[in-house]
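The structure appears right after this line, and notes come after that.
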Amino acid sequence: MTGGAELATELRKGKRGGIPWIAILDGAGKPRITSDGPKGNCGCPAQPHEIDHFMAMVDATRQHMSSNDRKVIERELRTYGAYLTRPRKSPGVAAYRQAVSNVKHGRFNAAVKEIGAAFSDGYAPETILTDPSLRPLREDPDRRTELFKLVREHVSTHRIRLVDRQERGRRIRLRGQVVDMDTSKPLPGALVQLFHTDASGEYRPGMDAGGGAGNPRLWGYLRTNAEGRFELDTIMPERYPNSSIPRHVHYHVWADGHPELASECFFDSDPNLDDRTRKSAPERNFPIVTLKRDDDGRMAGSLTVRVPAKKK
Ligand SMILES: [Fe+2]
């Protein structure tokens with residue numbers, strides 16, 4: 001609106017109080033009533049006292065509005081106001097914010113402590129895998145091992161993103177199902193750890209040929225859902241520098257009562273995946289994933305993760 005600010009300044013007589021600001025004028029252009037209520041401007045009424053004043057504005061000026069229309073306006077405002085001002089539970093947010101502030105100021109020990117407190121309070125552990133403000137913490141190998149433990153202990157989601165927006169690499173999505181190797185029965189609630197190399201083929205910066213896999217920079221934990229399924233958004237791992245070992249994603253699975261599984265998956269499109277590896281993959285329990293373009297344009301593929309049966 002052209003000239004709105006000037007008009008408001010004139011009508012408001014220098015009073016401040018934010019926008020939107022409403023003035024209902026009489027025939028001579030003078031305000032009959034404005035949205036300046038007893039506790040300030042209520043141009044966007046949400047609190048009960050703001051709605052009271054807004055309805056007072058309506059009552060002071062309405063001419064052709066029926067009582068029923070007035071009732072509808074008030075009812076809708078009160079419903080929407082109650083929604084906007086509802087108490088919100090934000091478990092662990094205060095501790096998490098404190099952690100972010102600690103990272104910003106280089107106080108990594110304190111940050112890890114606050115993250116633990118946030119998780120205990122119910123803050124979603126997977127957040128720390130991708131929050132750019134926690135990158136310095138994730139990139140510190142010593143702190144990372146502490147983060148591994150915390151996420152492992154608290155994670156409950158079956159769907160995670162393993163890389164933040166700044167991470168280089170082609171985005172892929174892996175959909176998996178964890179099953180019992182003997183019966184093919186899905187295993188819900190299984191803890192899955194996943195990790196892989198970055199777009200330079202490194203687990204840790206500067207480490208050659210698969211070094212640093214014990215403390216990788218790109219990692220995550222999740223828990224399978226009721227159907228034993230999980231979903232991972234990440235990047236296509238690069239092969240190790242100066243190596244012909246095919247690209248792969250490592251995973252460890254801990255399912256209730258089953259022996260731990262340590263395995264990895266390959267990619268069908270990988271030129272380094274030679275015939276010998278392809279042939280031996282099924283008996284080594286290494287799935288080969290075929291990536292296809294998803295409805296949302298992302299390359300996606302699925303794998304079945306076979307966990308050894310429970311020991312009798
Ligand atoms: Fe590896």
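The values are calculated or read from the model by the stated rules, or taken from the named source; none is laboratory data. Bear in mind that the values here come from a model prediction, so they are computed numbers and not experimental data. All Cβ positions, even for glycine, are placed from backbone atoms using ideal geometry, and neighbour counts span all protein chains on display.
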Out of everything in the range 200-214 that is at positive phi and within 11 Å of the ligand (Cβ to nearest atom), what residue ends up being modelled with the lowest pLDDT? Gly210
Number of the condition not met by Gly106 [criteria: (1) loosely packed, with under 13 Cβ neighbours inside 10 Å; (2) of a type in the set (Gly, Ala, Ser); (3) more than 30 Å from Leu150 (Cβ to Cβ)]: (3)
Note on the range 213-239: residues touching a residue at least 12 places away in the same chain (Cβ under 8 Å), part of a loop (DSSP other than H, G, I, E, B) and not polar (S, T, N, Q) are Ala213, Pro216, Arg217, Ala226, Glu227, Gly228, Met236, Pro237, Glu238, Arg239
Does Ala281 fit the bill of being modelled with pLDDT under 95, assigned by TED's automatic domain parsing to the domain that holds Arg161 and aliphatic (A, V, I, L, M)? yes
Answer with yes or no whether Phe148 is under 11 Å from Tyr221 (Cα atoms), modelled with pLDDT under 95 and not in a loop (DSSP other than H, G, I, E, B). yes
Give Asp198, Asp164 a once-over and let me know the one that is in contact (Cβ under 8 Å) with a residue 40 or more places away in the chain and part of a loop (DSSP other than H, G, I, E, B). Asp198
Selection within the range 277-312 - assigned to a loop (DSSP other than H, G, I, E, B), touching a residue at least 12 places away in the same chain (Cβ under 8 Å) and more than 25 Å from the chain's Cα centre (by Cα): Asn285, Phe286, Pro287, Thr290, Pro308, Ala309, Lys310, Lys311
Test for Ala190: is it more than 16 Å from the ligand (Cβ to nearest atom) and under 17 Å from Arg152 (Cβ atoms): yes
Could you tell me whether the range 245-262 includes any residue that is aromatic (Phe, Trp, Tyr), part of a strand (DSSP E or B) and closer than 26 Å to Pro205 by Cβ? yes
I'm trying to understand the selection: among the residues of the range 215-241, which are within 11 Å of the ligand (Cβ to nearest atom), of a type outside the set (D, E, K, R) and out of contact with any Phe, Trp or Tyr (no Cβ under 7 Å at 6 or more places or on another chain)? Pro237, Tyr240
Is it fair to say Gly228 is buried (at least 17 other Cβ atoms within 10 Å of the Cβ) and of a type in the set (Gly, Ala, Ser)? yes
Would you mind telling me which numbered condition in (1) modelled with pLDDT of 95 or more; (2) out of contact with any Lys or Arg (no Cβ under 6 Å at 6 or more places or on another chain) Gln177 fails? (2)
Could you check how many residues of the range 33-84 are part of a loop (DSSP other than H, G, I, E, B), among the basic types (Lys, Arg) and over 16 Å from Ile19 (Cα atoms)? 1
Filter the range 257-276 for residues that are charged (D, E, K, R) and more than 27 Å from the chain's Cα centre (by Cα); which is surrounded by the most Cβ atoms within 10 Å (Cβ to Cβ)? Asp270
Given the criterion buried (at least 20 other Cβ atoms within 10 Å of the Cβ) and within 16 Å of the ligand (Cβ to nearest atom), identify the matching residue among Arg247, Arg284. Arg247
I'd like to verify a number: residues in the range 144-184 that are outside the structural domain of Pro287 (by TED's automatic domain parsing), closer than 25 Å to Glu238 by Cβ and basic (Lys, Arg), how many? 1
